[in-house]
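Inspection log for the structure reproduced underneath, given as structure tokens.
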Amino acid sequence: MAWRSALLIDPVASDDRRGDFADTFRPFDPEQPALRVGDLSAQRGDGIFESLGVIDGHPQEVGAHLDRLVHSARLCDLPTPHLGQWRAAIARVAADAGAGENVMKLLLSRGVEGQPVPTAWITLASAPDNTRSRHEGIDVVTLDRGHALDVPARAPWLQLGAKTLSYAVNMAAIREAHRRGADDAVFVTSDGFVLEAPTATVLLRTGRRFVTPEPSAGILHGTTQLSVFSYLEGRGFDTAYETVPRATLVEADAAWLLSSVRLAAPVTAVDGAPKTVDRALTDEMNAYLLSPRD
């Protein structure tokens, strides 16, 4: 990963009416230290983030990512991000992107322990090469998330619908998938329902109908999935959010993992059972996802 730029943000209240936030930004060298040792992002993973694709200098799906940042802040009892300030910061960092694919991360932590001010910053780096995943596809294994489908509603303090900095479990799941000889994992509940991948949303096709697991089950509402649904609906396909049994993942005509950086990666096998890849539709979705979208 090649770093391109980074920006510290002095967060302002969500009701701040100023029109220019330039004096609240401070560029810094992403190769050099910038956060205080006591920041809770490092101490406890106490914060939230978003990852945006930046294509030829254009940040993708900014509105959807900011909406999800606000949603995560609410779930984690963090100050509500000022959308005008974050939009201005995103535009400033995106100006350093240049041609090609990049990834921008928006990060908001609770700040230094014992102090009331949160820490906010943005980074920009070159995106990994996802050509193989998009064209050849990926095989996945299902892994038990360790809770039943109704747990997020019964235990909201688990923050299962927030995109938090606490990603150790997600990374451990990907390592376990690799140990099992697969490319990625799909989480399922202990009572047998499909949730999401560690860094992606699951999309299934049966005939002309496309389904993704219901976001209210304590999973992230995928920004790329929202774009794909819009594209598919424009093509005349049916789309839906549903509770998805694990068997449906195996039996569906086709499946994809969708994310802001990898885009649409077709699933070639689930727990060793091969799946058909819809090559034409995958290429069409990725062409759409690589086009400028706000």
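The values are calculated or read from the model by the stated rules, or taken from the named source; none is laboratory data. Keep in mind that what you see is a predicted model, and the values were worked out from it rather than measured. Because the Cβ atoms are built from the backbone with ideal geometry, glycine has one as well, and the counts that use them run over all protein chains shown.
Which one of these is surrounded by 15 or more Cβ atoms within 10 Å (Cβ to Cβ) and either among the hydroxyl-bearing types (Ser, Thr, Tyr) or touching a His at 6+ places or on another chain (Cβ under 7 Å) (or both): Thr243, Thr224?
Thr224
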> Which members of segment 252-276 meet the condition of being over 25 Å from Val103 (Cβ atoms) and either among the β-branched types (Val, Ile, Thr) or not in a strand (DSSP E or B) (or both)?
Replying inline: Ala252, Asp253, Val270, Asp271, Gly272, Lys275, Thr276
> Can Ser216 be described as in contact (Cβ under 8 Å) with a residue 24 or more places away in the chain, among the small types (Gly, Ala, Ser) and under 24 Å from Pro59 (Cα atoms)?
Replying inline: no
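Here is a yes/no grid of residues against (1) touching a His at 6+ places or on another chain (Cβ under 9 Å); (2) of a type outside the set (Gly, Ala, Ser); (3) at pLDDT 95 or above; (4) surrounded by 14 or more Cβ atoms within 10 Å (Cβ to Cβ):
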{"residue": "Gln159", "(1), (2), (3), (4)": "no, yes, no, yes"}
{"residue": "Val194", "(1), (2), (3), (4)": "no, yes, yes, yes"}
{"residue": "Phe210", "(1), (2), (3), (4)": "no, yes, yes, yes"}
{"residue": "Phe229", "(1), (2), (3), (4)": "no, yes, yes, yes"}
{"residue": "Glu233", "(1), (2), (3), (4)": "no, yes, yes, no"}
{"residue": "Phe237", "(1), (2), (3), (4)": "no, yes, yes, yes"}
>> For segment 190-225, give me each residue that is farther than 20 Å from Asp278 by Cβ and among the hydrophobic types (A, V, I, L, M, F, W, C).
In response: Phe193, Leu195, Ala217, Ile219, Leu220
>> Looking at segment 223-233, can you tell me whether even one residue there is in contact (Cβ under 8 Å) with a residue 24 or more places away in the chain and outside any helix (DSSP H, G or I)?
In response: no
>> Quick check on my filter: what residues within segment 245-262 are without any contact (Cβ under 8 Å) to a residue 60 or more places away in the chain and either not assigned by TED's automatic domain parsing to the domain that holds Ser227 or not aliphatic (A, V, I, L, M) (or both)?
In response: Pro245, Thr248, Glu251, Asp253, Trp256
> Does Leu204 fit the bill of being of a type in the set (A, V, I, L, M), assigned to a helix (DSSP H, G or I) and out of contact with any Pro (no Cβ under 7 Å at 6 or more places or on another chain)?
Replying inline: no
> Just a yes or no: is a residue in segment 29-51 assigned to a strand (DSSP E or B) and among the β-branched types (Val, Ile, Thr)?
Replying inline: yes
> For Asp23, which of the numbered conditions (1) under 24 Å from the mean Cα position of the chain (by Cα); (2) outside any loop (DSSP other than H, G, I, E, B) fails to hold?
Replying inline: (1)
